[in-house]
Amino acid sequence: HVPYYGRVPVADARSEVAATTLRNLQLFARLLGEGLMPRTDDVATLLGAVSRRAEEQIPLPEVLAAYFTGFRSGWRRLGEVARPSDLDEVVESGLQMLHYLEFVTTRVTETYVETTTALHGTEGAARADLLSAVLAEREADDDWERAGLVPWRERTLLSLVLPTPRGSGEV
């Protein structure tokens with residue numbers, strides 16, 4: 001139901017993605033049973049997976065969609081097994097689920113943004129260093145790798161030196 005995860009190789013989907021989904025649902029079930037809301041340290045492992053999704057450049061809407069898809073599935077299952085006499089518990093469970101999703105998706109978004117911000121800062125600096133190394137004709141493969149780029153072996157470097165314009169200042 002989430003485009004990115006539909007393209008994940010089955011082996012990967014059954015490993016980290018499945019494990020993260022299971023941990024998330026187990027945490028929610030435990031907190032639901034205890035009548036508690038999550039704390040940041042409860043979701044630390046989940047947030048580690050979010051950082052990896054950010055590093056893999058999985059779009060944030062798809063990361064968030066996975067949480068909602070999982071909980072929709074659980075809600076649907078609850079509807080299948082609930083009896084009319086369970087109405088109060090179903091309503092309370094729904095409210096707790098919404099609070100849980102609000103908490104988790106807020107932390108997920110914060111973690112994703114922090115990770116991508118750090119990556120862009122590091123990548124931007126690495127690309128500036130790469131440009132300097134290329135211009136000095138002293139770049140190495142690891143300069144390209146740090147910049148998140150594939151080495152470009154066949155290239156022509158052209159430098160233009162223009163005199164300062166006279167008159168209007170327009171170039």
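The values are calculated or read from the model by the stated rules, or taken from the named source; none is laboratory data. Keep in mind the model is a prediction, meaning the values are calculated, not measured. Virtual Cβ from ideal backbone geometry, glycine too; neighbours counted across all protein chains shown. Note: accessible area is taken over every heavy atom of the protein model, side chains too, but ligands, DNA and RNA are not part of it. Shrake-Rupley method; radii C 1.70, N 1.55, O 1.52, S 1.80 Å.
Before moving on, here are some points about what is shown:
- Of the GluC sites (Glu not before Pro) in the range 112-143, those whose Cβ has at most 13 other Cβ within 10 Å and which sit in DSSP loop: GLU137
- Placing +1 on each Lys and Arg Cβ and -1 on each Asp and Glu Cβ, with no other charges, gives the chain a dipole about its Cα centre of roughly 340 debye.
- Label selected from [x] 28, 21, 12; [y] 29, 23, 16; [z] 50, 18, 14, the criterion being semi-axes √(5λ) of the Cα gyration tensor in Å as computed here: [z]
- Residue-averaged [θ]222 nm for the chain, counting only DSSP H segments that reach four residues, each worth -39500 (n - 2.57): -22000 deg cm²/dmol
- Using the Cβ-Cβ distance between VAL150 and ARG39 with R0 set to 30 Å, the FRET efficiency from 1/(1 + (r/R0)^6) comes to roughly 0.10.
- Maximal additional length on extending the ALA125-THR106 stretch stands at 4.0 nm, based on 0.36 nm per residue less the C-alpha distance.
- For the range 50-123, fraction of C-alpha pairs farther apart than 20 Å, in %: 43
- Cα centroid of the range 124-160 to Cα centroid of the range 17-66, whole Å: 38
- Solvent exposure of the range 48-171 amounts to 72 Å² per residue of accessible area, where only protein heavy atoms count and the probe is 1.4 Å.
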